[in-house]
Amino acid sequence: MSAPNRGSQSRIIGAPFLSLLFLLGAVIACSSGSSAKKCTATLNYDGKIFVGEGPSTDDATHFACNKYCRETDPGYEAIYGAWVDSPAGKAAGRPSKEEAIFKDKKLMDYVTVTCANECLAKIKDGKARAETKCE
């Protein structure tokens, strides 16, 4: 059996070091997000105001719609009311409307997809109004 040559030892030692270097670079790149823009959307829906924040105008508007959906959408009220009294809702500890979406995928999908898309369509049609500002 022969001893490994110096070239292969360098590769064995260098590979983890190189991986660590890439990981460190990624961490630094991700943590330097303080200069990332922050957008705020103010949604006026049925005379009520809902505010959402996100990294883009679209995200902020979507989050404002999500807030509307959780707080006052009649469809979500009905689905949540049935769910919270169901065995699944009781097993989850009967969480609030805001927390329930993190306990049940159907509730999450209703808020973030079904209701939010209806809200966005109403904004597009002029039936609801949203203003966004980015810093």
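Taken together, the values in this text are just the output of simple stated rules run on the coordinates, not laboratory data. All values derive from a computational prediction rather than experimental measurement. Reconstructed Cβ throughout: ideal geometry from the backbone, glycine too, with neighbour counts over all protein chains shown.
Between GLU131 and ALA92, what FRET efficiency follows from the Cβ-Cβ distance if R0 is 35 Å, with the result rounded to 0.05?
On the way: r = 36 Å, r/R0 = 1.02.
The value I calculate is 0.45.
In debye, nearest 20: dipole of the range 47-117 around its Cα centre with unit charges on the Cβ of K, R (+) and D, E (-)? Before the final figure, lay out the partial values.
Numbers: 9 positive and 11 negative charges, 55 e Å.
Once rounded to the nearest 20, the dipole reads 260 debye.
Under 17 Å Cα to Cα from LYS103, which aspartates and glutamates show up? Leave out anything in the same chain fewer than 8 places away.
Cross-link targets: GLU71, GLU77, ASP85.
Write down the Kirkwood hydrodynamic radius of the range 75-135, to one decimal in angstroms, obtained as one divided by the mean of 1/r over all alpha carbon pairs. Write out the running numbers ahead of the final one.
Details: mean 1/r = 0.0774 Å⁻¹.
That comes to 12.9 Å for the range 75-135.
In the neighborhood of PHE50, defined by Cβ-to-Cβ distances under 13 Å, what is the net charge if each Lys or Arg adds +1 and each Asp or Glu adds -1? Mind dumping the intermediate values first?
On the way: positive: LYS48, LYS67, ARG70, LYS122, ARG129; negative: ASP46, GLU53, GLU71, ASP73, GLU98, GLU131.
Counting the neighbours of PHE50, the net charge comes to -1.
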